[in-house]
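The structure under discussion appears below in the form of structure tokens.
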Amino acid sequence: MFRSGKSLLLAPFFLLAASATPFTINVNFTGGLSPTQQSVFTTAANTWMSLFSGYQPGISIAALNINAAGSAIDGIGGVLGSAGPNSVTNQGGYLLATSGSMSFDSADLANMESNGTLLAVILHEMAHVMGFGTLWTSNGVDLNNSGQYTGPAALSTYKAEFSQPSATFIPVELGGSSGTANGHWNEVDGGGALTGIVSPLGDMRYELMTGWINSQYFISQTTVASFVDIGYLAASTEVPEPAPMALLSIGLIAIGVLRRRAR
């Protein structure tokens with residue numbers, strides 16, 4: 001889930017890896033999305049695919065198949081929709097998503113497209129389909145309701161990136177609704193203030209995978225490394241910009257709560 005305003009800045013990442021099984025996202029549009037909205041889903045999928053070369057040894061997944069749709073739910077600002085993995089596979093010691101769904105209220109889709117928040121929300125929710133937050137407990141990197149993410153790759157990266165050398169865990173959000181708690185990096189409840197935990201690109205408040213969207217956002221090295229902890233391989237030394245909407249000013253706009261489906 002994701003709530004209220006962010007622009008896209010992207011961090012370098014240190015890990016190079018190769019895989020015999022590339023990471024592929026297939027987005028299947030099942031109705032209710034305009035061509036321009038579909039193009040934003042494609043941009044988000046290409047962004048995440050560019051960050052990962054594949055999976056850890058012992059894992060063979062042909063593709064992550066995501067059904068994406070828009071439908072009338074309750075108008076602007078209520079329930080935005082749902083997003084999460086639908087099926088998983090246990091390979092190489094990891095539980096990984098093989099399919100998922102992303103469904104949005106058509107009224108909110110139009111509103112997000114017009115105010116510039118759509119790419120941020122789709123990037124964020126697609127990460128949940130991939131397993132961010134939704135498959136943490138199953139992969140042993142976060143004990144539900146502990147507020148402590150302990151996956152070694154992300155924790156090591158977090159210590160350096162956010163200048164937290166003595167950290168023994170990454171703080172996980174416990175506030176907000178059930179769709180926010182236990183599935184995001186922690187920030188001040190409601191996203192209304194700085195956390196004081198800062199990377200070269202900004203305060204943790206502005207990281208893409210916190211629970212509230214703000215006037216700017218960035219994808220941290222820590223977020224990329226968290227996927228390494230749950231079975232992915234990072235692709236390159238940089239996190240590329242998701243053209244054509246990088247460095248996008250979004251503004252402080254309340255966009256409601258997305259209720260995602262976690263399995």
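The values are calculated or read from the model by the stated rules, or taken from the named source; none is laboratory data. Computed from a predicted structure; not experimentally measured. Glycine gets a Cβ as well: all are built from the backbone with ideal geometry, and neighbour counts include every protein chain shown.
How many residues does the range 145-170 hold that are in contact (Cβ under 8 Å) with a residue 40 or more places away in the chain and under 19 Å from the mean Cα position of the chain (by Cα)?
10
What residue, of SER99, SER34, is among the hydroxyl-bearing types (Ser, Thr, Tyr), in contact with a helix residue (DSSP H, G or I) (Cβ under 9 Å, 6 or more places away or on another chain) and under 17 Å from PHE132 (Cα atoms)?
Exactly one of SER99, SER34 is among the hydroxyl-bearing types (Ser, Thr, Tyr), in contact with a helix residue (DSSP H, G or I) (Cβ under 9 Å, 6 or more places away or on another chain) and under 17 Å from PHE132 (Cα atoms), namely SER99.
Name the single residue that is nearest to ALA235 (Cα to Cα) among those in the range 47-70 being surrounded by 15 or more Cβ atoms within 10 Å (Cβ to Cβ) and of a type in the set (S, T, N, Q).
Out of the qualifying residues, it is SER53.
Within the group GLY54, GLY77, which residue is touching a Gly at 6+ places or on another chain (Cβ under 9 Å) and either outside any strand (DSSP E or B) or touching a residue at least 12 places away in the same chain (Cβ under 8 Å) (or both)?
One residue alone meets the criteria, GLY77.
Please go through the range 24-40 and pick out each residue that is assigned to a helix (DSSP H, G or I) and either in contact with a Gly (Cβ under 6 Å, 6 or more places away or on another chain) or closer than 17 Å to ALA107 by Cα (or both).
Answer for the range 24-40, where residues must be assigned to a helix (DSSP H, G or I) and either in contact with a Gly (Cβ under 6 Å, 6 or more places away or on another chain) or closer than 17 Å to ALA107 by Cα (or both): PRO35, THR36, GLN37, GLN38, VAL40.
Return the residues of the range 118-144 that are in contact with a strand residue (DSSP E or B) (Cβ under 7 Å, 6 or more places away or on another chain) and without any contact (Cβ under 8 Å) to a residue 60 or more places away in the chain; say none if nothing qualifies.
SER138, ASP142
Mind telling me which of the residues SER163, SER178 ends up being surrounded by fewer than 18 Cβ atoms within 10 Å (Cβ to Cβ) and at pLDDT below 95?
Residue meeting the stated conditions: SER178.
Looking at (1) closer than 26 Å to SER138 by Cβ; (2) surrounded by 14 or more Cβ atoms within 10 Å (Cβ to Cβ), which is the only condition GLY93 fails?
Every condition holds for GLY93 apart from (2).
Residues in the range 13-22: is at least one surrounded by 14 or more Cβ atoms within 10 Å (Cβ to Cβ) and either part of a strand (DSSP E or B) or at pLDDT 80 or above (or both)?
For the range 13-22, residues surrounded by 14 or more Cβ atoms within 10 Å (Cβ to Cβ) and either part of a strand (DSSP E or B) or at pLDDT 80 or above (or both): present.
Checking the structure you have, find out if any residue of the range 120-143 is at pLDDT below 95 and either outside any helix (DSSP H, G or I) or of a type in the set (Lys, Arg) (or both).
Yes, the range 120-143 contains at least one residue that is at pLDDT below 95 and either outside any helix (DSSP H, G or I) or of a type in the set (Lys, Arg) (or both).
Take the range 46-96 and flag every residue that is touching a Leu at 6+ places or on another chain (Cβ under 9 Å) and aliphatic (A, V, I, L, M).
The answer is ILE59, ILE61, LEU64, ALA68, ALA69, ILE73, VAL79, LEU80, ALA83, VAL88, LEU95, LEU96.
How many residues are part of a helix (DSSP H, G or I) and of a type in the set (Val, Ile, Thr) if we restrict to the range 104-119?
0
Restricting attention to the range 105-116, does a residue exist that is within 22 Å of GLY131 (Cα to Cα) and surrounded by 17 or more Cβ atoms within 10 Å (Cβ to Cβ)?
no
Among residues belonging to the range 182-223 that are in a loop (DSSP other than H, G, I, E, B) and among the polar types (S, T, N, Q), point out the one that is modelled with the lowest pLDDT.
So, considering only residues that are in a loop (DSSP other than H, G, I, E, B) and among the polar types (S, T, N, Q), the one modelled with the lowest pLDDT is SER215.
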